Each structure stands twice: as structure tokens, then as C-alpha cells.
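Structure first, commentary second.
Every number in this text was worked out from the coordinates using simple rules, so none of it is lab data. What you see is a predicted model; the values in this text were computed from it and never measured. Reconstructed Cβ throughout: ideal geometry from the backbone, glycine too, with neighbour counts over all protein chains shown.
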Amino acid sequence: MRKSASAVIICLCLSAAPLLAQGYPSVRVGGSSLRANGQIAQGYQYTGSCPVDLKFGWGVIPNAPTSVTYRFSRSDGGHSARSFMADLPQPNRSTPLYDDWRLGANTPQFADFHGWVNLIIEGPNHLENKINFTLHCQ
């Protein structure tokens, strides 16, 4: 019996190999960025007057032309009210996805504030990529 079960498992694995070789559309995150009031926030940190307009960006790269469904969640419990879709027409080319957040005040709470925004890709494959950041509101 054990030999039969092993043979079945091997056959199932081998029969799936052509599907994996063909490939299905999938995406990966090639990089991320943070802008604060339109300027690049080096090291994902901002020091200055608050509130500040933050723009979180991710470069999403497909292996084949596809569409991506995505949403965002944030460290303050905020999240996208709905999912978004974007077309990724060119394989191996980065397409930017953005989330904006106006945050902070010149109060002790934001003197050394640590937070994050998480990109959640729902399809064609599930993927999450979190940007951690620090605010130093003065």
C-alpha cells in the first residue's frame, strides 16, 4: 500500500509541473517609497512641521500582463473602504500604487511617532508589503 500511495503523490506532483512551467500571472513588489509634503522622506522618516501629507508608494511588477486587486491597512486601524484595481499591461515593468495619509500635529504624541501602511494585494496572487515610518513633528 505504501508504494501505491507514494506513486500517486509522485504522479500528482509531476502532472502539476507543466502548469507551473507555463506560469500564471503573478506580481511582486519591486520597491517602495515615502514622500512627505512632496519631498522624498529619506529612511522613511520625516522631521518638520505637522500635520504632514504623506504619500506611500509601491512599485508592483507583473510577470505577464494582468490586473491587480489591492487595498491598504494602516497602523491607526484605518483601511481602504473597498478594494482597488489597476491594469499592469507590461510584463517586468513597475507600475506605481499609492496611498495618501495626512497625519500628525505639533503635539507630544507626534514628537516621535512610529506607524506603518500595508499594501495588501488580493490578486492575481496574495502578497503584502508594509512600509514602516517615523514622524518627528516639531
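Set Lys and Arg Cβ to +1 and Asp and Glu Cβ to -1, take the dipole of the stretch 25-137 about its Cα centre, and tell me which of Q90, L127, I40 lies farthest positive.
Towards the positive end, the residue furthest out is Q90.
Through the Karplus equation 6.51 cos²θ - 1.76 cosθ + 1.60, θ set to phi - 60°, convert the phi angles of the stretch 67-84 into ³J(HN,Hα) values in whole Hz; use x for Gly and Pro.
Along the stretch 67-84, the couplings run 10, 10, 10, 8, 8, 10, 10, 10, 5, 8, x, x, 7, 5, 6, 8, 8, 10 Hz.
When the dipole is taken about the Cα centre of the stretch 25-137, and only Lys, Arg (+1) and Asp, Glu (-1) are charged at their Cβ, what size is it in debye, to the nearest 20?
That gives a dipole near 140 debye.
Note down the nm distance, to one decimal, between modelled labels 7 Å out along Cα→Cβ at A81 and at S67.
Between A81 and S67, the simple spin-label model gives 2.1 nm.
Around V60, which amide H atoms from residues at least 5 apart in sequence, or from another chain, sit under 5 Å from its own amide H, with H modelled in the peptide plane?
G30, T95, L97
Mind listing the long-range amide H neighbours of A105? Cut-off is under 5 Å, sequence gap 5 or more, other chains count too, H placed in the peptide plane at 1.01 Å from N.
Here the answer is F110, since their amide H atoms fall under 5 Å of that of A105.
For the modelled label position 7 Å from the Cα of N106 along Cα-to-Cβ, which residues of the stretch 25-50 have backbone nitrogen atoms closer than 20 Å?
Correct set: 36-39, 46-50.
Can you work out the Karplus-derived ³J(HN,Hα) for every residue in the stretch 124-134? Use 6.51 cos²θ - 1.76 cosθ + 1.60 with θ = phi - 60°, whole Hz, and x for glycine or proline.
Ordered by residue, 3J(HN,Hα) equals x, 10, 7, 7, 10, 9, 9, 9, 8, 8, 10 Hz.
Determine one quarter of the surface area of the Cα convex hull of the stretch 25-137, which equals its mean projected area, and express it in nm² to one decimal.
About 6.7 nm², averaged over all directions.
Relative contact order for the stretch 25-137: what is it in percent, counting Cα pairs under 8 Å that are at least 6 residues apart?
33 percent
Mind listing the phi-derived Karplus ³J(HN,Hα) values for the stretch 99-114, rounded to whole Hz, using 6.51, -1.76 and 1.60 with θ = phi - 60°, and x for any glycine or proline?
These are the phi-based 3J(HN,Hα) values: 9, 9, 8, 8, 8, x, 7, 7, 10, x, 4, 9, 5, 8, 9, 10 Hz.
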